[in-house]
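Comments concern the structure below.
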Amino acid sequence: MGSDADGDGCTGQDEHLMRAGYALDGDAGCIADARHHAVAFLDQAQADHHLPVPARARDFTQLVVSELVTNALKYAPGPVLMELRINAHAVDVVVWDSDPTVPAARAADPGRIGQHGLEIVKAVTDDLFIEQEPVGKHITARIALSDTPSSATAARRRT
């Protein structure tokens, strides 16, 4: 992962065709609201920039939004911010929360109930970058806009 203008390890600031930010208040419906924001964002990218957004990318974006926002609300006190960014190749889901603890995917355990969110996110994304901030952290997950996963994603799924 290289360095870039906005420090997320994924893309430079000027490479995005669209960006949108959302403050999530943590109420009972905010995870569903976050998913609705993601769908509306992808619809706008299709309409305004004629970007093809296959069903796979749409579904994975909603899944990643749901998992990252759920984890932020569960483990961090205070507000959660979500930013969506898109270019011709991928959509980035960025979630910020106030807890500086970097999450780690746990070892596979089919008997474990729950706590599979980060495993799921890693399995469906092309890249995942976690950066600690002076207050909290932000997690950036990149989902390809193609119908076929990248070779890196495919390799992770086989292991």
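Observations, loosely collected:
- Rg/Rh for the stretch 20-158, where both radii come from Cα atoms and Rh is the Kirkwood radius: 0.96
- Charge tally for Ser98 (other residues, Cβ to Cβ under 15 Å; Lys, Arg +1; Asp, Glu -1): -3.
- ³J(HN,Hα) computed for each position of the stretch 48-61 - Karplus, 6.51 cos²θ - 1.76 cosθ + 1.60, integer Hz, glycine/proline x: 7, 10, 6, 7, x, 10, x, 4, 4, 5, 4, 5, 5, 4
- Backbone geometry of the stretch 98-111 corresponds, through the Karplus equation with coefficients 6.51, -1.76 and 1.60 at θ = phi - 60°, to 3J(HN,Hα) couplings of 8, 8, x, 5, 7, x, 10, 5, 7, 4, 4, 8, x, x Hz, x marking Gly and Pro.
- Approximate spin-label separation Glu133-Asp59, in nm, with each point projected 7 Å along Cα-to-Cβ: 3.2 nm
Rule-based calculations on the coordinates, nothing more; no lab input. Small disclaimer: the values here were computed from a predicted structure and weren't measured. Counting neighbours? That spans all protein chains shown, and the Cβs are built from the backbone with ideal geometry, glycine included.
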